[in-house]
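The values are calculated or read from the model by the stated rules, or taken from the named source; none is laboratory data. Not measured: the values here are computed from a predicted model. Using ideal geometry, Cβ is built from the backbone for each residue, glycine included, and neighbour counts are taken over all protein chains shown. The area values use the complete protein model at the heavy-atom level, side chains included, leaving out ligands, DNA and RNA. Shrake-Rupley method; radii C 1.70, N 1.55, O 1.52, S 1.80 Å.
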Amino acid sequence: MEAFGPIMLLLLQEEEDEKRKVKRPKRKKERRVAPPPKPKPKAPPASAPKQHILGARRPRIFRERTGLEGLTDEEVVERYHLPKGAILDLYELIRVDIDPLTQRSHAIPGMVKLLNCLHFFTSGSFQTKASAVGGVSQSTFSRFLVPVIQALKKHVHVFIGFPTNHADWQALKRGFFQVAGLPHVIGAIDCTHVALSAPHEREEIYRNKKGYHSVNVQVIADSNCRILSLFSAFPGSSDESFILRQSSVYEGFEGGRIGGGWLVGSTSYESRPWLLTPVLDPSTDSEKAYNEAHSRTRSVIDKTFKLLKTQFKCLNKSGGGLQYDPTKVSDIIVACCILHNIAVQHNIPTRAEVQKNERALEMPKTEPELQGSSQAVRSRVIRDYFS
């Protein structure tokens, strides 16, 4: 066994060596199949709209702006309720406050601002429509509305006020005397309501007796419907007598700075030596004649309000209340009253002419007696002029 052992080991070693020499077959690598190519997107046709690039600015669009060029005198009066010459004079008066400070080519000229505001006042339209007609955007119109109104208000005393000399005072009295023969009348007084949207603060005090929100405006007018005095700062719930007592007119008459005649007012007012009111229960022919003359004389203030709200429809409730706070509404009223007086000066409001006596009446040369109580003063007027 010992001799056989080494031989077997040798044979086994040779067999192992032969096995190592045999080459093993190599594995075939798996070939990956590539995915089919994706189809390329087709180019859009030539007529397809271009897509907007994010961040790109849209080109500005400049609208055609309003001007007086190309409009006849009749068209200007119909649109703005003022003659062309009056608008040009008004622009020259306020241009320093409304002309643009920049020299950019697209800055809004002062005349365009004025005409846009005039159209808003006369049309009664909301800003959106008024600005569209005027050639500016609504936001732009909102920005220059207040500066134009403030520019007009700076000259309120040029257009609204009592006479400043004796000749004009006499002409004022003569105009009223020609209406109904009531002597020494220097103004007709009353209040009117201008509707507005409900204010955010103290809403309840702006609700008037008729149930809508308003500003109560006190006006004194002459026989030609020209406004002599204006007080537009009180809420709709305020009554006429209260507003009068807070006004500078009351202080002027009570202090003697304004005198030489009477105001005529309705029974809503408390009778004063300088304020004639009707007799509540007239019993004599003289009292009835006085009441008739008083009513006809006082009617000029009703015609003034009718004319004001017809010419400037933004003040008319039929078009809806003004969509502003009470302060801005008061400013709009002042601006419209200034424009109203300019129109009266140029004989534009011919639809509300006051009927006067065809025969010129001779005004009494005596001075009015304002001493004594209000009842005593009214009794003297009835006795001296209507007995």
Discussion item. Need one value: the accessible area of S237 in square angstrom, 1.4 angstrom probe, rounded to the nearest 10.
Written reply: 60 Å²
Fill in: Order of exposure, largest accessible area first, which applies to I149, I258 with probe 1.4 Å
I258, I149
Discussion item. Give me the percent of accessible area attributable to carbon and sulfur for the stretch 230-362, probe 1.4 angstrom.
Written reply: 44 percent
Worksheet item: Alpha carbon centre of the stretch 278-302 versus the stretch 143-158: separation in Å?
Response: 39 Å
Worksheet item: In Å, what Rg and Dmax follow from the Cα atoms of the stretch 145-200?
Response: 17.1, 48
Item to complete: Output the peptides 213-221, 153-161, 140-148 sorted from most to least packed, where packing is the average of other Cβ atoms within 10 Å over each peptide's residues.
Response: 213-221, 140-148, 153-161
